[in-house]
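The values are calculated or read from the model by the stated rules, or taken from the named source; none is laboratory data. Bear in mind that the values here come from a model prediction, so they are computed numbers and not experimental data. FYI the Cβ positions are ideal-geometry reconstructions off the backbone, even for glycines, and counts take in every protein chain you see.
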Amino acid sequence: MRAFATDSEVMQHAISLARKGFGFVAPNPMVGAVILSHSGEWIEEGFHQEFGKAHAEINAISAAGERTHGAQLFVTLEPCSHFGKTPPCADAVIAAGFRRVVIGCQDSAPHVAGRGIQKLRDAGIEVTVGVCEAEAKRLVAPFEMLIHERRPWVHAKWAMTLDGRVATYTGHSQWISCDQSRAWVHELRGRVDAIITGAGTVRSDDCLLTARPQGPRTALRVVMDSTGESLTADCQLVKTLDQAPVLVCVSRGCSGIALQRLQQWGVQVFQTTAPDHVDVSEVLQELGRRQCTHALLEAGPRLLGAFFDAGKVDEVHVFVAPKLIGGVRALSPVGGEGLARIPDNANLTHVQTVTIGEDLLIEADVSRKPPVGDLQRESVSSTIHGS
């Protein structure tokens with residue numbers, strides 16, 4: 001039986017429970033719940049396990065049974081107050097007889113937005129909001145991105161050598177990371193809704209972009225290619241359409257012949273408005289329309305740079321291998337225009353590091369605020385062309 005000294009410790013445990021839902025609950029948010037007795041003893045816990053199924057509070061309440069009367073409920077996100085695929089959790093919390101509810105953060109979705117909290121208080125329950133709020137809000141950030149900005153949370157992933165190179169001067173890049181790191185990437189692929197790459201990567205690598213072994217989700221494979229000519233009838237993306245769908249994002253100037261060829265193969269096509277390029281924001285809005293919550297960006301420096309310049313990268317996963325390449329013509333991971341000056345303050349937050357095999361994995365969120373020290377630019381390129 002686990003003992004907790006503070007409310008924060010309980011909430012941290014609830015947050016760790018919630019993360020188990022990554023890849024299973026989208027487009028819903030990840031949520032965890034812990035039930036303690038009046039005196040603080042652990043009773044039961046639960047998390048949101050699958051989209052359309054019972055929420056975290058309900059799973060914990062069901063496991064606890066009558067022990068909820070007079071107990072305390074810790075939940076990472078405000079209980080819902082509306083009928084969706086499941087009944088309102090706030091009603092179930094009230095019926096369970098809790099004397100106190102501790103909430104990590106308020107649900108900012110318009111159909112909740114404090115109504116669940118108010119319903120609990122109106123029922124005479126003591127409600128505390130904001131315990132471990134920053135961590136709780138980070139947990140639901142992809143959900144809020146989809147709700148408010150109508151686009152997925154973008155994960156950018158790359159592997160590089162210790163001297164910051166993703167390929168030699170000849171273009172050779174396989175393999176920089178170790179077997180264990182590549183297995184980790186396959187697990188991430190199996191938990192996202194879309195995997196985005198560029199025309200150059202398709203041409204050079206004949207990439208497959210599937211999770212092996214298959215994970216809880218089958219990601220839409222997205223190729224940004226203004227001309228629509230990077231795919232061929234015998235490329236892996238086309239030959240494996242029975243395993244996972246492919247969406248090619250093309251420009252308005254893409255030829256009718258290219259469009260017809262893609263459609264005959266069974267490839268989905270999204271045509272953007274610009275005549276000669278594919279706009280990053282338009283692609284992300286289309287993925288948001290398709291209810292994609294998490295998108296993984298696996299691409300070369302040009303496309304990575306376009307996403308960074310557009311301010312559309314939310315999280316990075318960087319594998320640093322104990323290898324050196326050297327050479328002024330060797331490729332660095334992020335192209336594009338970049339910043340005019342070195343930021344005075346860090347523009348990455350929630351930085352975590354872990355060793356995987358012989359590699360170092362660095363994960364971090366990209367700050368939403370413009371870094372201090374960056375010069376203002378009149379315009380930012382957020383486009384990618386076909387080559």
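The set of residues from segment 1-44 being without any contact (Cβ under 8 Å) to a residue 24 or more places away in the chain and not hydroxyl-bearing (Ser, Thr, Tyr) comprises Ala5, Glu9, Glu44. Only a single criterion out of (1) within 17 Å of Ser226 (Cβ to Cβ); (2) surrounded by 13 or more Cβ atoms within 10 Å (Cβ to Cβ); (3) in contact with a helix residue (DSSP H, G or I) (Cβ under 7 Å, 6 or more places away or on another chain) is not satisfied by His277, namely (3). Comparison of Ser382, Ser332 shows that the only residue that is at pLDDT 90 or above, polar (S, T, N, Q) and surrounded by 13 or more Cβ atoms within 10 Å (Cβ to Cβ) is Ser332. Scanning segment 19-45 for residues that are small (Gly, Ala, Ser) and in contact with a His (Cβ under 7 Å, 6 or more places away or on another chain) turns up Gly21, Ala26. Checking each residue in segment 265-285 for being part of a loop (DSSP other than H, G, I, E, B) and of a type in the set (A, V, I, L, M) picks out Val267, Ala274.
Cβ-Cβ distances below 6 Å connect the following pairs, each with a first residue in segment 130-155 that is assigned by TED's automatic domain parsing to the domain that holds Glu315, a second residue that is of a type in the set (Lys, Arg), and a separation of six or more residues or different chains: Val154/Lys312. Against the list (1) surrounded by 14 or more Cβ atoms within 10 Å (Cβ to Cβ); (2) over 26 Å from the mean Cα position of the chain (by Cα); (3) not small (Gly, Ala, Ser), the condition Val34 fails is (2). Would a scan of segment 162-177 turn up a residue that is surrounded by 14 or more Cβ atoms within 10 Å (Cβ to Cβ), touching a Phe, Trp or Tyr at 6+ places or on another chain (Cβ under 7 Å), of a type in the set (S, T, N, Q) and outside the structural domain of Gln72 (by TED's automatic domain parsing)? Yes: one or more hits. The combined condition, being assigned by TED's automatic domain parsing to the domain that holds Glu45 and closer than 15 Å to Glu44 by Cβ, is not fulfilled by Ala113. Going residue by residue through segment 352-373, is there one that turns out to be in contact with a Gly (Cβ under 7 Å, 6 or more places away or on another chain) and at pLDDT 90 or above? No, the conditions are met nowhere in segment 352-373. The set of residues in segment 209-244 that are within 21 Å of the chain's Cα centre (by Cα) and surrounded by fewer than 17 Cβ atoms within 10 Å (Cβ to Cβ) comprises Arg212, Pro213, Gln214, Pro216, Thr218.
If you go through segment 16-66 and pick out every residue that is closer than 21 Å to Ser81 by Cβ and assigned to a helix (DSSP H, G or I), you end up with 9.
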